[in-house]
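Chemist: Submitted below is the structure of interest, expressed as structure tokens.
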Number of protein chains: 2
Amino acid sequence: MKLFNYSDLSTADIQKLVQRNVDPANEIRTIVDEVIANVQQHGDKALYDYARKFDKVDLSNLYLDKTDLEELAESVSAEQKAALQTAYNNIHKFHKSQVKAEDKVETMPGVTCWRELRPIEKVGLYIPGGTAVLPSTFLMLGIPARIAGCSEIVVCSPPQKNGKVNAFIAYVALLLGIEKIYLIGGSQAIAAMAYGTESVTKVDKIFGPGNQFVTKAKTIIQSTTTTAIDMPAGPSEVLVIADESANPTYIAADLLAQAEHGIDSQSVLVCTSAQIAQQALAEVEKQLPVLPRAEIAKLAIDNSYIVVTSNLDDAMDFSNQYAPEHLILATERWKEITGFIINAGSVFLGNLTPESAGDYASGTNHTLPTSSYARAYSGVSVDSFVKKITFQHITREGIQNIGPSVEILAELEGLHAHRNAVSIRNSN
Amino acid sequence: MKLFNYSDLSTADIQKLVQRNVDPANEIRTIVDEVIANVQQHGDKALYDYARKFDKVDLSNLYLDKTDLEELAESVSAEQKAALQTAYNNIHKFHKSQVKAEDKVETMPGVTCWRELRPIEKVGLYIPGGTAVLPSTFLMLGIPARIAGCSEIVVCSPPQKNGKVNAFIAYVALLLGIEKIYLIGGSQAIAAMAYGTESVTKVDKIFGPGNQFVTKAKTIIQSTTTTAIDMPAGPSEVLVIADESANPTYIAADLLAQAEHGIDSQSVLVCTSAQIAQQALAEVEKQLPVLPRAEIAKLAIDNSYIVVTSNLDDAMDFSNQYAPEHLILATERWKEITGFIINAGSVFLGNLTPESAGDYASGTNHTLPTSSYARAYSGVSVDSFVKKITFQHITREGIQNIGPSVEILAELEGLHAHRNAVSIRNSN
């Protein structure tokens with residue numbers, strides 16, 4: 001990890017440090033465009049072909065049904081089931097709290113406005129497979145979809161070589177009351193859910209992380225169809241703000257947890273104590289070699305850096321410019337600084353709150369804005385699965401009260417039929 | 001207006017009727033790509049050039065300042081000021097009600113999760129100019145931006161031939177406490193706000209309607225930069241559900257109010273009474289010719305249609321498939337059917353609630369999802385100008401409670417460093 005002193009950095013230096021590449025490799029666009037066109041044109045047949053080509057499996061059916069899932073889930077141990085249940089309960093409890101009734105507001109006598117929530121009818125969840133099997137992602141997307149009340153939840157996950165999904169994915173499906181998993185991976189899964197095929201329902205919004213191909217497919221369908229997406233996604237990242245009250249051993253463990261995700265993951269430490277920074281760095285060297293994914297983590301750590309600042313204000317300023325997906329406040333003084341956080345996806349407070357708790361089971365969602373998207377985007381929540389529709393009701397008194405203003409405003413915008421729609425109601 | 005009987009329509013017929021074109025004319029992409037590249041490369045100079053080329057004006061300065069705006073606003077009459085103030089007050093009152101504190105939730109003993117709102121720091125508002133001068137749009141975007149607390153609000157609007165903006169736009173700027181309006185229109189305005197120039201601040205999210213070029217520019221920057229957009233935009237539309245308790249004169253006025261927006265606007269009537277439908281159609285013929293924008297409205301009406309159903313259930317079913325931007329329930333029985341609305345942007349209840357009230361002054365926002373985007377998107381609200389950041393705090397007791405589950409889940413996903421970040425906190 002490279003080490004920088006904040007006071008030595010120019011605005012341009014900081015700009016460069018916080019910059020992430022958000023629009024990589026245009027050549028993958030050509031490949032993805034072709035996959036989308038092919039799925040759009042040939043439907044299920046294209047999906048079977050891609051399973052053979054990309055997943056190396058000859059599927060006899062495009063999906064697993066409830067019986068298949070129950071059979072697969074048998075190998076999940078009681079201990080694992082209990083852990084998944086704990087995660088389920090905590091995520092459910094926190095997300096349930098996000099649903100709030102809205103107030104009716106009488107903006108002027110006889111004019112009442114309010115919002116009502118409606119679930120997005122048909123949603124698609126993409127659950128990555130391959131080496132990264134992520135039942136936790138399935139919980140993070142399935143639980144808010146269920147709470148929102150979406151009437152159709154389409155789930156796609158790439159098939160393993162045996163033409164199945166992993167046992168944990170199967171078990172989570174049953175926990176969520178989902179009785180079908182489509183064996184479709186990559187950009188072909190996104191295309192199938194955006195356009196629909198003989199077997200796959202066209203959905204209104206697609207959720208879920210994935211590789212570069214999946215991400216590119218999501219951004220393409222977002223700009224060319226009416227199907228929405230949760231958010232653009234990039235490599236995962238953490239920024240740790242630490243002071244002299246931090247524990248360097250914990251910091252190192254948190255940096256490495258991030259680094260093991262992938263070689264393009266980034267772990268940033270912003271520290272007010274050069275000594276703690278050095279100790280954390282030494283701890284990283286110590287903890288890294290024994291990790292099963294040490295090779296991946298090492299490359300990610302090489303791609304990461306430390307910034308030493310003279311106070312927590314500067315540290316927070318740097319963090320806000322970075323706009324991290326995960327922000328850990330490794331300081332006993334966290335209460336004093338949370339108010340200054342402007343840009344972050346999810347925040348972990350104090351020395352006993354590891355990011356991995358939020359990845360699995362604290363209750364917060366782990367589908368979060370990366371690559372500085374936290375400047376404008378929020379993580380996934382129940383909000384992501386609903387629309388808030390506005391309603392208004394006007395009485396006879398109300399139309400008399402509001403009428404003259406609407407008439408004048410329509411007039412000054414040159415929209416006489418707009419004016420007329422009010423005048424006509426006040427004249428007869 | 002073409003008239004259809006719902007019972008005669010096949011699923012495919014309905015599919016065709018509710019279909020709107022969302023990805024038109026690829027040739028405009030080439031033009032917009034070039035504008036974006038040019039602004040990115042040449043900054044302010046490109047903006048001056050485009051003002052000469054597209055707006056036919058030689059600008060001496062890229063923006064109007066407070067003095068300019070105050071001078072322009074002098075021509076707004078007291079009556080017009082009062083109407084704008086009424087709109088301001090109602091919109092402010094309703095949008096203010098959307099800001100709610102979130103609960104802290106203890107998901108398990110010692111593990112607490114919550115969300116906090118933070119304004120998006122830098123937002124860009126695009127206010128169309130030319131023939132359609134829309135001070136109302138400026139209110140609809142500026143008020144929630146102010147309530148959210150955005151620290152920088154960049155406003156772009158195309159210059160008129162005199163190198164100024166319209167007096168009403170200037171007055172609304174002063175109402176909102178905005179002291180600068182950039183004289184930039186079209187896709188060059190979107191590019192300037194997405195990339196920043198010498199004069200224009202790069203923003204985190206861009207809002208506002210516009211022509212095809214503006215819309216295309218927004219979808220391009222959404223998929224190639226970290227700047228977000230409010231939503232994709234298409235031509236405006238209304239769907240009126242009416243029964244025998246509706247007033248055909250009001251229905252006609254509402255259909256025409258929509259139709260005068262532009263030749264690609266759509267006005268759909270779904271009616272349980274063939275008689276009311278015929279009367280409304282006759283009223284359209286009567287009211288249309290006297291409108292100043294009759295030529296535009298006629299073309300839009302020709303492009304619109306009526307569906308006669310045998311009951312309100314079928315009418316609502318059609319409406320949900322159409323997913324209208326504006327939905328008017330022209331029936332005394334509106335209370336019985338609002339619960340069945342699934343897809344709509346904003347809803348107008350009963351015979352005395354014209355859509356134009358919501359366009360200007362009822363309090364709801366008029367920046368709404370068109371083109372069936374209402375299936376997955378909500379209209380603009382204070383939510384659109386904030387992020388909801390998740391926070392979590394774990395105590396010593398909490399990490400002991402949650403630790404074992406996180407360890408098991410990290411293990412089954414093969415992420416040992418994730419496991420370690422918890423174990424290490426429970427072991428020393």
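Okay, residues lined up against (1) buried (at least 24 other Cβ atoms within 10 Å of the Cβ); (2) within 9 Å of chain B (Cβ to nearest Cβ); (3) among the polar types (S, T, N, Q):
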| site | (1), (2), (3) |
| --- | --- |
| A:Ala330 | yes, no, no |
| A:Phe340 | no, no, no |
| A:Ser346 | yes, yes, yes |
| A:Gly379 | yes, yes, no |
| A:Gln400 | no, no, yes |
| A:Pro404 | no, yes, no |
| A:Ala417 | yes, yes, no |
| A:Ser423 | no, yes, yes |
| A:Ser427 | no, no, yes |
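Chemist: Restricting to region A:384-397, name every residue that is part of a helix (DSSP H, G or I) and at the interface with another protein chain (Cβ under 7 Å from one of its Cβ atoms).
Modeler: A:Arg396
Every residue, every condition in (1) in the same structural domain as A:Gly163 (by TED's automatic domain parsing); (2) surrounded by fewer than 16 Cβ atoms within 10 Å (Cβ to Cβ); (3) modelled with pLDDT under 95; (4) charged (D, E, K, R), yes or no:
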residue	(1), (2), (3), (4)
A:Leu62	yes, no, no, no
A:Ala73	yes, no, no, no
A:Val76	yes, no, no, no
A:Gln85	yes, yes, no, no
A:Lys96	yes, yes, no, yes
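Chemist: So which of A:Thr112, A:Thr67, A:Thr107 is free of Cβ contacts under 8 Å to residues at least 12 places away in the same chain and open to solvent by less than 40 Å² (accessible area, probe 1.4 Å)?
Modeler: Every option except A:Thr107 fails the conditions.
Chemist: For region A:288-309, check the following and say yes or no: at least one residue is surrounded by fewer than 23 Cβ atoms within 10 Å (Cβ to Cβ), among the small types (Gly, Ala, Ser), within 14 Å of another protein chain (Cβ to nearest Cβ) and touching a residue at least 40 places away in the same chain (Cβ under 8 Å).
Modeler: yes
Chemist: Does B:Ser7 satisfy the condition of being open to solvent by 60 Å² or more (accessible area, probe 1.4 Å), of a type in the set (Ser, Thr, Tyr) and within 28 Å of B:Lys161 (Cβ to Cβ)?
Modeler: When the stated conditions are applied, B:Ser7 does not pass them.
Chemist: Looking only at region A:350-358, decide whether some residue is open to solvent by less than 10 Å² (accessible area, probe 1.4 Å), modelled with pLDDT of 95 or more, among the hydroxyl-bearing types (Ser, Thr, Tyr) and under 27 Å from A:Glu244 (Cβ atoms).
Modeler: yes
Chemist: For region A:113-140, how many residues meet the condition of being facing chain B (nearest Cβ under 9 Å) and not in a helix (DSSP H, G or I)?
Modeler: Final tally of qualifying residues: 14.
Chemist: If a residue has to be open to solvent by 30 Å² or more (accessible area, probe 1.4 Å) and either facing another protein chain (nearest Cβ under 9 Å) or over 21 Å from A:Gly129 (Cβ atoms) (or both) to count, how many in region A:210-232 make the cut?
Modeler: 1
Chemist: Same structure, new question: Is there any pair with a first residue in region A:180-198 that is open to solvent by 10 Å² or more (accessible area, probe 1.4 Å) and a second that is in a loop (DSSP other than H, G, I, E, B) whose Cβ atoms are under 7 Å apart and which are 6 or more apart or on different chains, and what are they?
Modeler: Sorted first by the residue in region A:180-198, then by its partner, the pairs are A:Lys180/A:Asp65; A:Tyr182/A:Leu62; A:Tyr182/A:Val200; A:Gly186/A:Pro158; A:Tyr195/A:Lys202; A:Gly196/A:Lys202; A:Thr197/A:Gly43; A:Glu198/A:Gly43.
Chemist: Quick check on my filter: what residues within region B:233-275 are β-branched (Val, Ile, Thr), more than 10 Å from every other protein chain (Cβ to nearest Cβ) and either in a strand (DSSP E or B) or surrounded by fewer than 22 Cβ atoms within 10 Å (Cβ to Cβ) (or both)?
Modeler: Those that are β-branched (Val, Ile, Thr), more than 10 Å from every other protein chain (Cβ to nearest Cβ) and either in a strand (DSSP E or B) or surrounded by fewer than 22 Cβ atoms within 10 Å (Cβ to Cβ) (or both): B:Val238, B:Val240, B:Ile241, B:Ile263, B:Val268, B:Val270.
Chemist: Answer with yes or no whether A:Val203 is at pLDDT 95 or above, in contact with a Lys or Arg (Cβ under 6 Å, 6 or more places away or on another chain), within 14 Å of chain B (Cβ to nearest Cβ) and not in a helix (DSSP H, G or I).
Modeler: yes
Chemist: Condition check: out of contact with any strand residue (DSSP E or B) (no Cβ under 8 Å at 6 or more places or on another chain), modelled with pLDDT of 95 or more, outside the structural domain of B:Leu9 (by TED's automatic domain parsing) and of a type outside the set (Asp, Glu). Does B:Val386 satisfy that?
Modeler: No; evaluated as a whole, the condition is false for this residue.
Chemist: How about region A:85-101: which of its residues are within 7 Å of chain B (Cβ to nearest Cβ) and either within 12 Å of A:Val172 (Cβ to Cβ) or outside any loop (DSSP other than H, G, I, E, B) (or both)?
Modeler: Across region A:85-101, the qualifying residues are A:Thr86, A:Ala87, A:Asn90, A:Lys93, A:Phe94.
Chemist: Quick one: A:His366 ticks every box in (1) open to solvent by 10 Å² or more (accessible area, probe 1.4 Å); (2) facing chain B (nearest Cβ under 9 Å); (3) in a loop (DSSP other than H, G, I, E, B) except a single one, so which number is it?
Modeler: Every listed condition holds for A:His366 apart from (2).
The values are calculated or read from the model by the stated rules, or taken from the named source; none is laboratory data. In this text, all values refer to a predicted model and were calculated from it rather than measured experimentally. No Cβ is skipped: glycine too gets one built from the backbone with ideal geometry, and neighbour counts run over all protein chains shown. Ligands, DNA and RNA are excluded from the accessible area calculation, which covers all protein heavy atoms including side chains. Shrake-Rupley method; radii C 1.70, N 1.55, O 1.52, S 1.80 Å.
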